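Asks: Sharing a structure with you now.
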Amino acid sequence: MRKTFFLFIALLAGQLCSAQIKVQRLMTENLVNPVAIDALGPRFSWQLDGGQTRGVMQTAYQIKVTDEANHVVWAPAKVSSDQSMYVNYQGSALKSGQKYTWHVKVWDNHGKSAESLPATFGMGLLKADDWKAQWIGPAREEASRPSPLLRKGFTVNKKVKKAIAFITAHGLYEAHINGKRVGEDYLTPGYTSYNKRIQYQAYDVTNLLQPGANAVGASLGSGWYRGVYGIGTRHEIYGKDISLLLQINITYADGSTATVATDDSWKTSTGEIRYAEIYMGSTTDARKEQKGWSTAAFNDSGWSKAVIGNYPKDDLVATVNEPVKKHEIFKVVKMFTTPKGEKVLDFGQNLVGWVKFKVSGKAGDKIVISHAEVMDKAGNFYTDNLRDAKAQNTFILSGNGVETFEPQFTWQGFRYIRIEGYPGDIKPEDFTATAVYSDMAPTGSFSCSNPMINQLQHNIQWGQKGNFLDIPTDCPQRDERLGWTGDAQVFSRTSTFNMNTHNFFAKWLKDVALDQFSDGSLPHVIPDAFDNGRPTGGGGSAGWSDATTIIPWNMYLAYGDKQILENQYNSMKAWVGFMKSRSHNNLWNVGDHFGDWLFYTRNDDNDGSAAITSKYLIAQCFYAHSTQLLINAAQVLGKTDDVETYTKLLADVKGAYLREYVTPNGLISSDTQTAYAEALEFDMLPENLREQAAGRLADNIRRYGNHLTTGFLGTPYLCDALSKYGHADAAFRLLLQEEYPSWLYPIKMGATTIWERWDGIKPDGELEVPSMNSYNHYAYGAIGDWMYRTVAGIDTKSEQPGYKGITIKPTVGGNFTQVSADYETPYGKASSHWKVENGNFVLDVVIPANTTATVYIPTKGDSAVTEGGKPVTKAADQIAGYTAVNVGSGNYHFSTSM
Ligand code: RAM
């Protein structure tokens, strides 16, 4: 009796609980409680959690924003709307350096309401005048360029209510207050087109200040600004001198304010960092450490006066993207000696960051740490593929007991290190490797019954972690590490599934627009580290410059953020304008193009296995694709004239393509996988030629023994084109192919990241040419998009972007018995978990609150489908091979016989 009673109470409690809704994950400009933004009309977003209740939709919301004095600055009336993303602030003008608090109350369609906890956002320094700080740097630098230190003592004689430090640098900085590091960000201020704009960071340093004497200091590194960087290892791309701009705005409890800012009263010297370069590595000499240099007690009388730099402040902008932070820490998995006698540690994962270690020895003992991604065929430490990047960190001991070393203002891409000059026995437990990358929230996971595919997913994610370091880079280890536009565009959609790359790309796209040439062409790398303008850097390569259109559109689909399209619209249009201006009779067949970069070739290509796709044919496809995306953007933004103009242009571009490259029967003049995949994905062919093109593509793959032959521009589209046109079986065969070339071949060879080339390590163990052979290049990881969107089947409806409308449409194949994908959409978690079990297909789905979804359950003939054991109501839009069901938010359990 008692037991039953408790069970009853428990059930009731469960029901009461499930009847509640919650409103959570409040974001301002897509950031959680940002310390400083400079958007004058920031956008607020939140998530609803409907608990166990199904079909929860927001029906209304009400926002309230208050300032530091608790005065209401915006409290509009309740709005009847299901909008929970990007609600624009429209209150009274937000003030420089002020902190604001906001709440939201929401109502749902079940008559429930919920109020959020408070969220905050701070405003940055909105005008150049708000910077009281002056740019300062060292008076003179030694030729070897040790890292300058800059410091100043100051007094705090009242109770501090709030202190915000605004900091940036020409070069890189690391700031300290009273001996403690300010924030946990690395490689700040990050990389933007420095000749046009520089981001500053803001930190709440209230707790770092102390009553009485205080000190603030910063060390500087050369970084992207003036270091050795860019192809041909250029240097001083943006300037010769490095400098610091730092300002602490203090508000005391009594309401008075004070500012501590860089000026010529600051002192400068150098310390233990004797040298630091992105590509080259660093030298730290612990004997030169200036102990306590950023504490108040330090005596700086021997230091020189800092020098004021006459640089602008009107190009300073608040940080949009998540800063670079430390993430996973790896222990040594193996220590070994190579045939050459090198002492090597293996961290088990190709990663990007650096190694930290403990050691004790004599003053002047010198340890050199070198970095490598692979061992060569003979098992020796291999660094040839780093080209001119030395990637070496040198540490000189002070001799004072146990010392800990960690490099600064540099990073390396590596799995192995070689240790030279280590005093005594190397103890692996004294070494760790730290992965460092932009601090984007993880969003997705994909796993299935095939362990090799799970390793592929792991490698895709690590390719992303290694190359999303403030900018999207091609590779993280050699003398390159540049924002290659083509690589970024092919991987952009996949990247959204693994991490929240919304602000990461929003920030980078601003530099795309800023560095775009006046004729609309785009430099090959952004920021334009090649030349800051033409002609040596060049640009305008098909599939690379299309980053201008493809990435904004992908971000719009993934995040539903119209502002990205608004901000990028002129840049998109300019790029299409460039292609048009270079075309004759609507055919764009001039210019230099990378083409289907690194497509499959063999040295002994006697049977013509190399599948060469005409560069101009590819260019024409991208011309059409970018024009289509421009039309899409114009439609979203209501630019009807442009929709009309570019729709006409698109028809002409496709017409020219058909005339030039396609026979009346549909044979494409480059009879390659890339040509057919692009033709299908970009809708280059009339309806009546599409099926046969897909057939030709599938045949082509079969002819190559179920191998792909594609490079950077064909690979991302291959499996999608196949599965879309009824050849999912061929797509799965490609995915599961283990022989070279394939996605799984590198995995068989022990890869822990995606390689730049299909054959980075040849079947006989030989390594590809050192001149271009990175083992951490995300481009081919673009298959991740197909795995999430087609195999697991989680996608946004394009007419309801940002997963406001969701599609769950799994594709069964590849002998997988189970696939599970979870994806953190802007509205909350969506899941598709399917398994094939005892002749049944079972699909567990999660749909977040305030969204709706169509779930497609794969069915044979008219097999019955149940949900939670009950027959389902079919949606009107049935498609062959699937039963469609429309659902609201909630958890669903579908089942059907196979
Ligand atoms: C290589 C880069 C990059 C590619 C260009 C064309 O140097 O690594 O991946 O986009 O070439």
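Values quoted throughout were computed directly from the atomic coordinates according to the rules given, and no laboratory measurement underlies them. Model, not experiment: these values are computed from the prediction. Every residue, glycine among them, receives a Cβ derived from its backbone with ideal geometry; neighbour counts consider all protein chains shown.
Asks: Per DSSP H run of at least 4 residues, take -39500 (n - 2.57); add these up for the chain, divide by its residues and hand me the 222 nm value, nearest 500 deg cm²/dmol.
Replies: -7000 deg cm²/dmol
Asks: Further question: Calculated FRET efficiency, Ile231 and Arg602, Cβ-Cβ r, R0 41 Å, to nearest 0.05?
Replies: Given R0 = 41 Å and the Cβ-Cβ separation, E is 0.90.
Asks: For the range 444-792, take the alpha-carbon Rg, divide it by the Kirkwood Rh, and send me Rg/Rh.
Replies: On the way: Rg = 19.0 Å, Rh = 20.3 Å.
Taking Rh as the inverse mean 1/r over Cα pairs, Rg/Rh reads 0.94.
Asks: Going by how many other beta carbons lie within 10 Å of each one, how would you line up Trp597, Trp46, fewest first?
Replies: Numbers: Trp597 20, Trp46 23.
By the 10 Å Cβ count, ascending: Trp597, Trp46.
Asks: Another question, then. Enumerate the helices in the chain for which the Kyte-Doolittle hydropathy averages -0.5 or more and the C-alpha atoms extend at least 30 Å along the helix's axis, using complete DSSP H runs.
Replies: 615-636
Asks: Once all Cα-Cα distances of the range 326-436 are split into 5 Å bins that start at 0, what whole-number percent is in each one?
Replies: 2, 12, 24, 26, 20, 12, 4, 0, 0
Asks: Under 17 Å between alpha carbons, and skipping anything fewer than 8 positions from Lys158 in its own chain: which aspartates and glutamates qualify?
Replies: Within the straight-line cut-off, Lys158 pairs with Asp254.
Asks: Cut-off is 10 Å between beta-carbons; in what order do Arg226, Arg287 appear when sorted fewest neighbours first?
Replies: Sorted ascending by nearby Cβ count, the order is Arg287, Arg226.
Asks: Please work out whether the range 20-122 counts as rounded, prolate or oblate from its C-alpha gyration tensor, where a ≥ b ≥ c are the square roots of the eigenvalues and a/c under 1.5 means rounded, while otherwise a/b larger than b/c means prolate and anything else oblate?
Replies: Because a/c hits 1.5 or more and a/b exceeds b/c, the range 20-122 counts as prolate.
Asks: Let me ask another. Putting +1 on Lys and Arg Cβ atoms and -1 on Asp and Glu Cβ atoms, find which of Thr337, Ala389, Gly91 reaches farthest to the positive end of the dipole of the chain.
Replies: Working it through, the farthest residue towards the positive pole turns out to be Gly91.
Asks: Right, something else. Taking K and R as +1 and D and E as -1, what net charge do the other residues with C-beta under 15 Å from the C-beta of Ser438 add up to?
Replies: In short, -2.
Asks: Label-point separation (nm) for Asp671 and Thr873, each offset 7 Å from Cα along Cα-to-Cβ?
Replies: 5.3 nm
Asks: When a/c is below 1.5 the answer is rounded, else prolate if a/b is larger than b/c, else oblate, so apply that to the range 260-336 with a ≥ b ≥ c taken from the square roots of the Cα gyration tensor eigenvalues.
Replies: Numbers: a/c = 2.25, a/b = 1.31, b/c = 1.72.
In terms of gyration-tensor shape, oblate.
Asks: So, with +1 on the Cβ of K and R and -1 on the Cβ of D and E, and no other charges, what is the size of the charge dipole of the range 798-897 about its Cα centre, to the nearest 20 debye? Numbers along the way, then the final one.
Replies: Numbers: 7 positive and 8 negative charges, 16 e Å.
With Lys and Arg at +1 and Asp and Glu at -1, about 80 debye.
Asks: While we're on this one: Taking the range 834-898, which trypsin sites (Lys or Arg not before Pro) meet the DSSP loop condition and have no more than 11 other C-beta atoms within 10 Å? Spell out each step's value before the answer.
Replies: Working: sites: Lys835, Lys860, Lys874; in loops: Lys860, Lys874.
Loop-located and lightly packed - Lys860.
Asks: Quick check: from the Cα gyration tensor, does the range 736-789 come out rounded (a/c under 1.5), prolate or oblate?
Replies: Oblate, since a/c reaches 1.5 and b/c is not below a/b.
Asks: Taking 0.36 nm per intervening residue step and subtracting the Cα-Cα distance, what contour gain separates Gln20 from Gln90 on full extension? Display every interim value, and only then the final one.
Replies: On the way: separation 70, 0.36 × 70 = 25.20 nm, distance 3.00 nm.
Using 0.36 nm per residue and subtracting the Cα-Cα distance, I get 22.2 nm.
Asks: I've got another one for you. Tell me, what is the FRET efficiency for Glu184 and Lys331 to the nearest 0.05, using R0 = 22 angstrom and their Cβ-Cβ distance as r?
Replies: 0.55
Asks: Something else now. Just add up the charged neighbours of Ala853: K/R +1, D/E -1, any other residue whose Cβ is under 12 Å from the Cβ of Ala853.
Replies: After counting each charged neighbour, the total is +3.
Asks: Tell me, what are the semi-axes, in whole angstrom and largest first, of the equivalent ellipsoid of the chain as set by the roots of 5 times the Cα gyration tensor eigenvalues?
Replies: Details: eigenvalues 394, 264, 166 Å².
Semi-axes (√(5λ), whole Å): 44, 36, 29.
Asks: For the range 154-196 and the range 856-884, what is the separation of their Cα centres, given in Å?
Replies: 57 Å
Asks: Could you tell me the center-to-center distance, by alpha carbons, between the range 561-586 and the range 102-134 in angstrom?
Replies: For the range 561-586 versus the range 102-134, the Cα centre distance is 34 Å.
Asks: Still on this structure, please answer the following. Roughly what would the spin-label model give for Ala441 and Asn838, points 7 Å off Cα along C-beta, in nm?
Replies: Output for this residue pair reads 3.9 nm.
Asks: With 5 Å bins from zero, work out the P(r) of the range 128-318 over every alpha carbon pair and list the percent per bin.
Replies: 1, 8, 17, 21, 21, 16, 9, 4, 2, 1, 0, 0
Asks: Same structure, new question: Once you have all Cα-Cα distances for the range 614-695, histogram them in 5 Å bins from zero and send the whole-percent values.
Replies: 3, 16, 27, 23, 15, 10, 6, 2
Asks: What spacing in nm lies between the two simple spin-label points modelled at Gln52 and Ser771, each 7 Å away from Cα in the Cβ direction?
Replies: Placing both labels 7 Å beyond Cα along the Cβ direction yields 6.6 nm.
Asks: Can you give the FRET efficiency to the nearest 0.05 for Arg140 and Gln210, using r as the Cβ-Cβ distance and R₀ = 35 Å? Working shown, then result.
Replies: Numbers: r = 33 Å, r/R0 = 0.95.
Given R0 = 35 Å and the Cβ-Cβ separation, E is 0.60.
Asks: Moving to a separate point now. Within a 10 angstrom radius of the beta carbon, how do Ser92, Ser771, Ser545 rank from fewest other beta carbons to most?
Replies: Fewest to most other Cβ atoms nearby, the residues stand as Ser771, Ser92, Ser545.
Asks: With charges set only on the Cβ (+1 for Lys and Arg, -1 for Asp and Glu), what does the dipole of the chain come to about its Cα centre, in debye to the nearest 20?
Replies: Value, rounded to 20: 2300 debye.
Asks: Need the list of aspartates and glutamates near Lys305 for cross-linking: C-alpha distance under 12 angstrom, and skip anything on the same chain fewer than eight residues off.
Replies: Partners found: Asp263, Asp264.
Asks: Something else about it: When only C-alpha pairs under 8 Å and at least 6 residues apart count, what is the relative contact order of the chain, in percent?
Replies: It comes to 10 percent, rounded to a whole number.
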